[in-house]
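Working notes, structure below.
Computed from the coordinates by the stated procedures, all read-outs in this text should not be read as laboratory data. Since this is a predicted model, take the numbers as computed values, not measurements. Positions of Cβ are generated from backbone atoms using ideal geometry, with glycine treated the same way; all protein chains shown enter the neighbour counts.
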Amino acid sequence: MEIKERIIAKAREQFFRYGVKSVTMDDIASELGISKKTIYQHFEDKDAIVHQLMIGEILQDKCEWDNLCNISKNVIEKTVKSMEIIKKAFAEINPSAFFDIKKYHPKTWLLFQEHKQNFIHESIRKELLEGIEQGFFRADIRVDILVRMRMEQIEMGFDPHLFPPNKFSLIEVELTMLDHFIRGILTTKGLEVYQEYLQLDTDKKQ
């Protein structure tokens, strides 16, 4: 792994564990066993590291979603599989990292918002329409409203003011909101299939 990739990888580990604000360039250098000067040879400042990290996370998010679409037989299976992705991804994230970026790294936050308004928005819209077409989601739902609702739910789960980390698990918050959202739009057929997939997922873990 090249030094620039090592810096990004270590920064990601530290940011996700402790939050972005609390991790300094000295911390990253110390963890890597290199000088801070070496980091500055590759990144102008901490903001540049955060921005490059976000670019990588967005690319990974797109790849994971494309793979999920390819391996899922229907929208219900895709939803249940996405729950496993959430568990793995959010297990290592300190919720404050998200709001640190929002507060202290506006350029990177704008990049995330563009990803949210374009890729995430379109992905959720397609999923809802797909579910209606397959007969799993109710035909009377307002897709345009529910897309925005679902996007805000995801972001809401990271808000430490709404869900203090010492009282709520990020994974439980996100999975609870996703489960509640899905159950609210399922048809009778969709609910049966959803419960079947959840049971299959439970059986695999036993």
Looking only at residues in segment 143-163 that are of a type outside the set (A, V, I, L, M, F, W, C) and within 15 Å of the chain's Cα centre (by Cα), which one is nearest to E127 (Cα to Cα)? R150
Given the residues K81, K88, which is the only one that is surrounded by 14 or more Cβ atoms within 10 Å (Cβ to Cβ), among the charged types (D, E, K, R) and within 28 Å of G157 (Cα to Cα)? K81
Report the residue count in segment 138-179 for those that are in a loop (DSSP other than H, G, I, E, B) and basic (K, R). 3
All positions within segment 21-69 that are under 27 Å from R125 (Cβ atoms) and of a type in the set (D, E): E57, D61, E64, D66
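Within segment 54-76, count every residue that is farther than 26 Å from G131 by Cβ and in contact with a Ser or Thr (Cβ under 8 Å, 6 or more places away or on another chain).
First, the residues of segment 54-76 that are farther than 26 Å from G131 by Cβ: 54-57, 59.
Then drop every residue that is not in contact with a Ser or Thr (Cβ under 8 Å, 6 or more places away or on another chain), which leaves 54.
Residues that pass the stated criteria total 1.
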Top-ranked residue of segment 164-204 - restricted to ones that are among the polar types (S, T, N, Q) and within 24 Å of R17 (Cα to Cα), ranked as farthest from the chain's Cα centre (by Cα): N166
Pull up segment 42-97, narrow it to residues that are in a loop (DSSP other than H, G, I, E, B), over 14 Å from the mean Cα position of the chain (by Cα) and in contact (Cβ under 8 Å) with a residue 24 or more places away in the chain, then point me to the one that is farthest from F16 (Cα to Cα). N74
Kindly establish whether L200 is within 22 Å of H115 (Cα to Cα) and assigned to a helix (DSSP H, G or I). no
Of the candidates G19, G33, the one satisfying the condition of being surrounded by 14 or more Cβ atoms within 10 Å (Cβ to Cβ), out of contact with any strand residue (DSSP E or B) (no Cβ under 6 Å at 6 or more places or on another chain), on the phi > 0 side of the Ramachandran plot and not acidic (D, E) is G19
Out of the residues in segment 106-154 that are under 17 Å from T79 (Cα atoms) and among the polar types (S, T, N, Q), which is surrounded by the most Cβ atoms within 10 Å (Cβ to Cβ)? S123
Give me the pairs, please: first residue somewhere in segment 118-129 and closer than 12 Å to I154 by Cβ, second residue anywhere and among the basic types (K, R), beta-carbon distance under 6 Å, and either six or more positions apart or on two chains. I124/R150
